[in-house]
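One structure is given below, encoded as structure tokens.
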Amino acid sequence: MEMLITVAFLVFGGLLLLLVGFLLWDRLRQGQRWQQQGDALSKAVGDRIDGTIKVFGELQKGIGELAEKAKGIEEAGKNILTLQEILRTPKPRGGLGEFLLERLLADSLPRDVYALQWRFHSGETVDAVVRIGGSMVPIDAKFPLEDFERMAAAESDEERAAIRKQFARTVKKHIDDVAKYIRPDENTFDFALMYVPAENIYYETILQPDIYSECLEKRVFLVSPNSFNAYLQAIVLGLRGLRIERATREILGRLQRLQGEFGSFQRDYETLGGHIHRAAAKYDEASFRLTRLGDKLQLTGEAAPRELPEGDEETSSQPE
């Protein structure tokens, strides 16, 4: 009985030890798996943190660049404000218009077909002239910016309407000033161009019927940078047509000279032909006479006696 109890106790103890060993082995395996998962999680978290740090670095760099650009925009804004302050004065504003006009002419036309600051006989100067054939197109830049800005900043329709009338009066005065450069007696065409260097101001001028009527009456046509370029292209085509016409006239002149030379040569040729014809007739006549003379000589030779008659003694003997 005691033997059975002892065996059972040993068997139970072995099973208990086996169970404890299995539990310890499973716990160790679970710990290794947890450690692997922890290492993987730590690596993933580390990579994520590194990526986040890199993103923050790039974001910080982008913010720095954006700050620099914002600073540049701020400086540009200050420059624009400074330019606006400068353009409030009529003289710098006019100088800017002349400069823009000069650049447009230089970019579109050959240098020998336009002139800047053209002086008339009276001493007055126009900003530019474009030569077409033997005449000139006077061009003057005008920049009615001040009234336009006041009109754009008006707070009510009544105020805007009043300023628009003042704007129209200013533009009409500019048209009158440009119309003085139409001088056909000094080889200008009977029209002139007024260059408005801002598109928005130009559109405001062409929308007012009274300004358009004034332009037709004074024969002063308003142009903007875009429309003036179209005018210049038309002028370029006109210049090409004039050059073609000039070349055609030169060719026609040469053809006329060649025709005159050909007529002179034809007359000389006909005279030479007449001389040759008369010489040929004389030659034929001389040949005919020579033939007849030859025939006569031959007949005369045949008719002559073969031996001369001998003389008698009386005639043959001569006294010594």
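Working note: Karplus 6.51/-1.76/1.60 with θ = phi - 60° gives the stretch 284-294 the couplings 4, 5, 5, 5, 5, 5, 5, 5, 4, 5, x Hz, where Gly and Pro are set to x.
Quick check on the stretch 188-229: take the gyration tensor over C-alpha atoms, sort the square-rooted eigenvalues as a ≥ b ≥ c, and tell me if it's rounded (a/c under 1.5), prolate or oblate. Because a/c hits 1.5 or more and a/b fails to exceed b/c, the stretch 188-229 counts as oblate. For Tyr114, the residues whose modelled amide H falls within less than 5 Å of its own, excluding neighbours fewer than 5 places apart on the same chain, are Arg131. Distances between placed amide hydrogens fall under 5 Å for Ala128 paired with Gln117, Trp118, Ile139, all partners being 5 or more residues away or on another chain.
Each Lys and Arg Cβ is given +1 and each Asp and Glu Cβ -1; about its Cα centre, the stretch 94-242 then shows a dipole of about 460 debye.
Bear in mind that the values in this text are calculations on the coordinates, not laboratory data. If you're wondering where the values come from, they're calculated on a predicted model, not measured in any experiment. We place every Cβ from the backbone using ideal geometry, glycine too, and count neighbours over all the protein chains shown.
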